[in-house]
């Protein structure tokens, strides 16, 4: 799976979702992520923020202070990813 190099939005969305689900479930998923170091860092931060938000939102309702805080962090990570890469984040 070559995540950042995919020109197809649908393929990119499917790859990101598969990666997040694999990480969420503790599975290994081979992925090749190409880009500048700042693009890869922004991607990694957004993926990890999605996983953290998903885990916590399954434990608590969306108004819980921890979930609200993680949602704000996730939004920031997504905005950074989009600004640095020029690619729209496919989840939300």
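Rule-based calculations on the coordinates, nothing more; no lab input. Everything numeric here is computed off the predicted structure, so don't read it as measured data. Here the Cβ positions follow ideal geometry from the backbone for every residue, glycine too, while neighbour counts run over all protein chains shown.
So what is the diffusion coefficient of the stretch 41-84 in µm² per second by Stokes-Einstein at 4 °C and 1.567 mPa s, using a Kirkwood Rh over Cα pairs?
Rounded to a whole number, D works out at 125 µm²/s.
Once label points are set 7 Å from the Cα along Cα→Cβ at both residue 54 and residue 41, what is their separation, rounded to one decimal in nm?
2.5 nm
How far is helix 37-59 tilted, in degrees, relative to the longest principal axis of the Cα atoms in the chain, given as a value from 0 to 90 rounded to the nearest 10?
Once rounded, the angle reads 30 degrees.
Can you tell me the 0 to 90 degree angle between the C-alpha axis of helix 9-25 and the longest principal axis of the chain, rounded to 10?
50 degrees
Pairs of Cα atoms under 8 Å, at least six residues apart: use those to get the relative contact order of the chain, whole percent. Don't skip to the answer; put the middle values down first.
Details: 79 pairs, mean separation 28.1, N = 92.
The normalised contact order for the chain reaches 31 percent.
Give the angle, between 0 and 90 degrees and rounded to the nearest 10, that separates the Cα long axis of helix 65-85 from the longest principal axis of the Cα atoms of the chain.
20 degrees
Using a 10 Å cut-off around each Cβ, can you sort 67, 16 from fewest to most neighbouring Cβ atoms? List each step's numbers first, then the result.
Working: 67 17, 16 23.
Starting with the residue having the fewest Cβ neighbours, the order is 67, 16.
Using only the alpha carbons, work out the radius of gyration and Dmax of the stretch 9-85 in angstrom.
Radius of gyration, then largest Cα-Cα span, for the stretch 9-85: 13.0, 37 Å.
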